[in-house]
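First comes the structure, then the notes that go with it.
The values are calculated or read from the model by the stated rules, or taken from the named source; none is laboratory data. Since we're looking at a predicted model, the values are computed, not measured. Here Cβ is always computed from backbone atoms with ideal geometry, including for glycine, and neighbour counts include all displayed protein chains.
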Amino acid sequence: MLFDLRNVSYRYPDGSFALESVSASIENGDRTVVLGANGSGKSTLLRILDGLLFPTDGEVYFQGSLLSEHSLKSVDSSSTFRQSVGFVFQNADAQLFNATVFEELAFGPVQLGLSKTEVQERVTGILGFLGIGHLSDRPPFRLSGGEKRKVVIASVLTMNPEVLILDEPFLGLDPRSQTWLVNTLKQIQSAGKTTIVATHSLETVPLIADKAIVLGEDHRVLRIGSAADILEDLPLLRSANLIGD
Ligand SMILES: Nc1ncnc2c1ncn2[C@@H]1O[C@H](COP(=O)(O)OP(=O)(O)OP(=O)(O)O)[C@@H](O)[C@H]1O
Ligand SMILES: [Mg+2]
C-alpha cells in the first residue's frame, strides 16, 4: 500500500475543521480523484499526503512508514519521500521562482546533484514530452495562467516522481489545454505512476481516474469507490454539492 490514512482529522491553528476522521488507502499505480465542494477539505487532504501538513488526529502511512514531522526530519526518509512524491499546487505562482522556464525545470535536478549534461537532457526531454520547448527562455512570471500550470507540471516531472499529486489542475485551462492535461496524465499513468487529483471538473473524471474519494461538506468521507459508479450516483453528487439541484 502506498498511502494509508487512518482516521485522519485536521484542524487549522485558528480552529477551523478541515478534515474529520478520514480513512482511505491508495495503492501503487492507482488513478484517484478527490471530489468535494469548496471548503470540504480536498487541498488539506492533498497537503497531508504531500507531508506539508500533519494530521492533528489519526495517522498517515507512506509505504508502511508513519509520515510525521519527526520522520520527515530524518534526512534520508525526507529526501526519499520528497523525490517520490511531486505536488502541483492550486496556485502556480506559489511554485515558480526562477528567472527562466529552463532554470525552473533544472532547479530540482540540480538539487539532486545530477551532472550538467544529465540536467540538460532531463529538462530538454520534459520540455519536449510536454510540448512546451518554445517557452524555455521565457520568465515564468510573464506567462499566462495556463502556461504557468504547464511549467509547474514540467518542473515536478523533472524530478521523475512515482506519485503525482495535483490540486485543481484543470482550473483556468482552455479546452485545448484541458485535453493536453488529460493526455499528459494518461501518459504518466501508463508509465505506472500513481496520480491523485483534486478536481471540480466532473467531465474529466472518467478520463483520468478509476477511483474517487468524495468528501462531504462536513469534511468527512461521503464515499470511496469506483469513479464510474460515483459519477452515476446523482443523489450522492447532489449531497456532496458537486452538482446543482
Ligand atoms: N490556512 C488555513 N487556515 C484556516 N482554515 C483554513 C486554511 N486553509 C483552509 N482552511 C479551512 O479548511 C477547510 C478546508 O479547506 P480546503 O482548502 O482544504 O478545501 P477545498 O476542498 O480544497 O476547497 P476549494 O474547492 O475551495 O479549493 C475550509 O473550511 C477552509 O476554510
Ligand atoms: Mg482546494
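Things worth noting here:
- Tally of residues being closer than 9 Å to residue 30 by Cα and either more than 16 Å from ligand 2 (Cβ to nearest atom) or of a type in the set (Lys, Arg) (or both) across the range 188-212: 8
- Residue within the range 59-66 that is modelled with pLDDT of 90 or more, of a type outside the set (A, V, I, L, M) and in a helix (DSSP H, G or I) present: no
- Number of positions in the range 1-54 that are aliphatic (A, V, I, L, M) and assigned to a helix (DSSP H, G or I): 4
- Residues located in the range 128-146, provided they are touching a helix residue (DSSP H, G or I) at 6+ places or on another chain (Cβ under 6 Å) and either under 16 Å from residue 98 (Cα atoms) or touching a residue at least 60 places away in the same chain (Cβ under 8 Å) (or both): 135, 136, 138, 140
- Pairs linking a residue in the range 30-55 that is within 20 Å of residue 74 (Cβ to Cβ) and aliphatic (A, V, I, L, M) to a residue that is part of a helix (DSSP H, G or I) and more than 6 Å from ligand 1 (Cβ to nearest atom), with Cβ atoms under 6 Å and 6 or more positions apart or on different chains, are 53/47.
- Given (1) surrounded by 17 or more Cβ atoms within 10 Å (Cβ to Cβ); (2) farther than 30 Å from residue 25 by Cα, index of the condition residue 54 fails: (2)
- Failed item in (1) of a type in the set (Lys, Arg); (2) over 18 Å from the mean Cα position of the chain (by Cα); (3) away from ligand 1 (no atom under 13 Å from the Cβ), with residue 11 passing the rest: (3)
- You will find that of 30, 76, the residue that is under 18 Å from the mean Cα position of the chain (by Cα) and either under 26 Å from residue 111 (Cα atoms) or more than 16 Å from ligand 1 (Cβ to nearest atom) (or both) is 30 and no other.
- Cβ-Cβ under 7 Å pairs, at least 6 apart or on other chains, the range 8-21 side over 12 Å from residue 45 (Cβ atoms), far side within 16 Å of ligand 2 (Cβ to nearest atom): 11/17; 11/18; 12/18; 17/219
- Every residue from the range 56-65 that is over 20 Å from residue 189 (Cβ atoms) and either touching a residue at least 24 places away in the same chain (Cβ under 8 Å) or among the aromatic types (Phe, Trp, Tyr) (or both): 56, 57, 58, 59, 60, 61, 64
- Qualifying residue in the range 24-39 (condition: surrounded by fewer than 14 Cβ atoms within 10 Å (Cβ to Cβ), in contact with a strand residue (DSSP E or B) (Cβ under 8 Å, 6 or more places away or on another chain), at pLDDT 95 or above and farther than 25 Å from residue 185 by Cα): no
- Test: residue in the range 204-216 that is crowded, with 22+ Cβ neighbours inside 10 Å, more than 16 Å from ligand 1 (Cβ to nearest atom) and in contact (Cβ under 8 Å) with a residue 60 or more places away in the chain: yes
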